[in-house]
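> Before anything else, here's the structure in question.
The values are calculated or read from the model by the stated rules, or taken from the named source; none is laboratory data. Keep in mind the model is a prediction, meaning the values are calculated, not measured. With ideal geometry, Cβ positions are generated from the backbone for all residues, glycine too; neighbour counts draw on all protein chains shown.
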Amino acid sequence: MLLQPTASTWHAHGVTCLRKTTARSVFALALSLALGCGDSAPIGGGGDGGGATGGHAAGGTSGTGGNLGDPAPVDPSVPSVFRAVVFADSHVIGPQYECCSESPGIDNISIVKTEERLRSAVSRLNAIEPRPEIAFLLGDVVHDAHHENEAAWYTENRNAFTVAREVLSELEIPLHYLWGNHDYEVRCNGTSFDQSLSHELFREFFDSDPYHSVDFAGWKFLMLNGQLGASWDPEDERCSTGNASFGAEQLAWVAEQLDEGAPTVIMNHHMSALWMPSEFPDAENADMETVLGRYENDQLRFMGHTHRWLEFASKNEFVLGATRYDDDNFWLVEFDGTDGTYRILDEAKAINQGTCAETYVYDGIPVPVEDAPETGDCVVGF
């Protein structure tokens, strides 16, 4: 059972085996979890680790960033206590997609359902009462989406970007995007599409920059991009797109943002176990963990990419399951801009190391739906 954290005990509950490992692949992570190594703790309780039943008092995980100094100025027109929804990995395909070249099993099964799943997830998010003030999508918005080198082709022909925009335009909550590996088409050895094309397409279809900050009601949300460093440069001998890297410019920008002192949520597609170490070994900002390690206001982290629900307690880091597999895969988080605290209101819905979540109803306090039929493509483990 995951202990209910408090401001004084939250950082004490995670063990550190995963922090120390040099494993840089999902397979290595899975192996470490299977062996009981690492600080990945069960999400949602349940002594057998097999589901999201029990384990928490109503309201879910809460936390605080410690000594953050004075709260950031708050716009009086924005509520000091607000709610955000977070979801990940929609993987929307377009009519050009040729089925099915994904991994065997649920990857091939789920990829043809991505538009349907995302539309259903959007409907569920729109039904939340009271309505959340803000929403975040943690990357891999589209899948196998690059087909021509000219941006005009994408505005003239229906494609994955078109479909994703159509579905996400139905969301009645202001939405902010970050970028995942499938939102680019970069290969270390092989044909790639220039990243500048992807950036142009995201601005055209989603009005989103490659990385940016969202400042809202005393909180800062850093929308990072782990595809801009050496591991994503085909010309660099360290190219390895299974790892995230950020580049010198973005690392310096993150430091500047954290210098402002506001309680901060770090959002990136790849979890930190997959971040490239020592991008710049001799520099002050050697890599992203070096930068974040200098600050106390790195309070909470949300990631995607792995498609399974995971928690790394020593870092306050959560990996969300993918909407690609289940339209229940999202979380509702309440933030307080006056004292820099938060609560994950429906944390217990997540199935630890699983691709699915329990079904909840959101009419005031989120509560599970008894005997809800499971419509997702669900497995537990790697």
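> Quick one: would you say Ala164 is more than 17 Å from the chain's Cα centre (by Cα), closer than 21 Å to Ile266 by Cβ and among the aliphatic types (A, V, I, L, M)?
In short, no.
> Does Phe330 count as over 23 Å from Gly229 (Cα atoms) and either surrounded by fewer than 22 Cβ atoms within 10 Å (Cβ to Cβ) or out of contact with any Pro (no Cβ under 9 Å at 6 or more places or on another chain) (or both)?
Considered against the rule, which asks whether it is over 23 Å from Gly229 (Cα atoms) and either surrounded by fewer than 22 Cβ atoms within 10 Å (Cβ to Cβ) or out of contact with any Pro (no Cβ under 9 Å at 6 or more places or on another chain) (or both), Phe330 comes out as yes.
> Another question, then. Could you tell me how many of the residues in region 116-130 are within 14 Å of Asp89 (Cβ to Cβ) and either more than 19 Å from the chain's Cα centre (by Cα) or not charged (D, E, K, R) (or both)?
Qualifying residue count, region 116-130: 2.
> Any residue in region 179-190 that's farther than 8 Å from Val141 by Cα: show its pairings with residues that are of a type in the set (Ser, Thr, Tyr) and part of a helix (DSSP H, G or I) at Cβ separation under 7 Å, as long as the two are six or more apart or on different chains.
The qualifying pairs are Tyr184/Ser198.
> Return the pairs, sorted by first residue and then second, in which the second residue is at pLDDT below 95 and in a strand (DSSP E or B), the first residue lies in region 350-374 and is over 12 Å from Glu129 (Cβ atoms), the beta carbons are less than 9 Å apart, and the residues are 6+ apart or on different chains.
Asn352/Ser40; Gln353/Ser40
> Also: Could you tell me which of the residues Val361, Val379 is surrounded by fewer than 24 Cβ atoms within 10 Å (Cβ to Cβ), more than 15 Å from the chain's Cα centre (by Cα) and more than 22 Å from His182 (Cβ to Cβ)?
Going through Val361, Val379 in turn, the sole match is Val361.
> Here is a further query. Can you run down the residue pairs with Cβ atoms below 8 Å, 6 or more apart or on separate chains, where the first is in region 223-237 and aromatic (Phe, Trp, Tyr) and the partner is assigned to a strand (DSSP E or B) and buried (at least 24 other Cβ atoms within 10 Å of the Cβ)?
Within 8 Å, the pairs are Trp232/Ser245.
> Restricting region 103-157 to residues that are hydroxyl-bearing (Ser, Thr, Tyr), modelled with pLDDT of 95 or more and surrounded by fewer than 18 Cβ atoms within 10 Å (Cβ to Cβ), which is nearest to Val81 (Cα to Cα)?
Per the criteria, the residue is Ser123.
> Of the residues in region 252-265, how many are touching a helix residue (DSSP H, G or I) at 6+ places or on another chain (Cβ under 7 Å) and crowded, with 22+ Cβ neighbours inside 10 Å?
Residues flagged as touching a helix residue (DSSP H, G or I) at 6+ places or on another chain (Cβ under 7 Å) and crowded, with 22+ Cβ neighbours inside 10 Å within region 252-265 amount to 2.
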